[in-house]
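**Student:** Supplied in structure tokens, the structure appears directly below.
The values are calculated or read from the model by the stated rules, or taken from the named source; none is laboratory data. It should be emphasised that the depicted structure is a prediction, and the values quoted were computed from it without experimental measurement. Cβ sites come from the backbone with ideal geometry, for glycine too, and all protein chains shown count toward neighbours. Heads up: the accessible areas ignore ligands, DNA and RNA and are worked out on the full protein's heavy atoms, side chains in. Shrake-Rupley method; radii C 1.70, N 1.55, O 1.52, S 1.80 Å.
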Amino acid sequence: TLATSQVKKDSSFGANCDLLIAKSEELAAQPESMAFTLTRLSAVAKMTLKNFAIPADEVVEDVTFSCEQTLTGTIGVNYADLSWSVVRGTNSVTTTNYEWTVTADGTLDVYFSVLPTTLKAGESYTITVETDKANYHKTTNFASDLRFQAGAITSFSASMQDAGVNTKSTVDLFDDDFDYVIAFKDLNNKTYLLKRGVCERRPVPTEIST
């Protein structure tokens, strides 16, 4: 399985961001030593976002890339010839990196792993950037074919100029007579309760008594 949610760890990605397959071999007897032949099935994408100017105090939390083709998910492998097919797939991938830096000219490099595929010219894709203060999103079309090849890095760029923006709301009004003041949903439809200056996720009560 190639994870849909991928987290960059130090100078590399986690184990769920890669797919390595060992070639099957039949032996007449148990050998004293054995050498494995591994094939990397996943492809690496380097997506450079351009024209992405955000305030200096805004922190990028994660980036989601989605399109019309299967990018991640669970596959089945024929070990005889290393052919594979998708068992259960998704058409998006979200990557998180706590060390992202947007350059002064509005450039951000984003790395993620996908299944080998070719995104066709004319097909649509959407980029969503989540920061600590806003959600930026843009949908456009590929000008030419984009091929993700197993074991290789494919680099491409995308402009975030004129991207849509949803600003995250904050609430600083509290009433000491109540434990819970207000319930709200964020951009991911997760429900939160504000409790005397503390924001914590839990089921919304149907009634609050004084």
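**Student:** Which of the residues spanning the stretch 51-74 are open to solvent by 80 Å² or more (accessible area, probe 1.4 Å) and small (Gly, Ala, Ser)?
**Tutor:** Correct list: 53, 56.
**Student:** Shifting gears a bit: Report yes if residue 93 is over 19 Å from the mean Cα position of the chain (by Cα) and among the β-branched types (Val, Ile, Thr), otherwise no.
**Tutor:** Criteria not met by residue 93.
**Student:** Please note which strands (runs of 3 or more DSSP E) are completely contained in the stretch 87-139 and include at least 1 residues that are open to solvent by 60 Å² or more (accessible area, probe 1.4 Å).
**Tutor:** Ranges flagged: 108-114.
**Student:** Determine whether residue 77 is open to solvent by 20 Å² or more (accessible area, probe 1.4 Å) and over 20 Å from the mean Cα position of the chain (by Cα).
**Tutor:** Taking the combined requirement at face value, the residue satisfies it.
**Student:** Look through the stretch 33-50, keep the residues that are surrounded by 14 or more Cβ atoms within 10 Å (Cβ to Cβ) and part of a loop (DSSP other than H, G, I, E, B), and return whichever of them is nearest to the chain's Cα centre (by Cα).
**Tutor:** Per the stated criteria, the residue is 42.
**Student:** Going by the structure shown, is residue 128 closer than 30 Å to residue 85 by Cα and either modelled with pLDDT of 95 or more or not aliphatic (A, V, I, L, M) (or both)?
**Tutor:** Taking the combined requirement at face value, the residue satisfies it.
**Student:** Something else now. Among the residues of the stretch 140-152, count how many are out of contact with any Pro (no Cβ under 7 Å at 6 or more places or on another chain) and in a strand (DSSP E or B).
**Tutor:** Final tally of qualifying residues: 4.
**Student:** Okay, moving on. Which residue pairs have Cβ atoms under 8 Å apart, sit 6 or more places apart or on different chains, and have a first residue in the stretch 139-161 that is farther than 20 Å from residue 102 by Cβ and a second that is open to solvent by 90 Å² or more (accessible area, probe 1.4 Å)?
**Tutor:** 142/120; 145/120; 150/40; 151/40; 154/147
**Student:** Right, next: Limited to the stretch 69-81, what total is found for residues that are touching a Leu at 6+ places or on another chain (Cβ under 8 Å) and not in a strand (DSSP E or B)?
**Tutor:** 3
**Student:** Working only within the stretch 19-60, note down all residues that are of a type in the set (A, V, I, L, M, F, W, C) and on the phi > 0 side of the Ramachandran plot.
**Tutor:** The answer is none; no residue qualifies.
**Student:** For the stretch 126-151, which residues satisfy the criterion of being aromatic (Phe, Trp, Tyr) and in contact with a Leu (Cβ under 7 Å, 6 or more places away or on another chain)?
**Tutor:** The answer is 142, and nothing else.
**Student:** Condition test on residue 16, is it under 23 Å from the mean Cα position of the chain (by Cα), on the phi > 0 side of the Ramachandran plot and open to solvent by 30 Å² or more (accessible area, probe 1.4 Å)?
**Tutor:** Criteria not met by residue 16.
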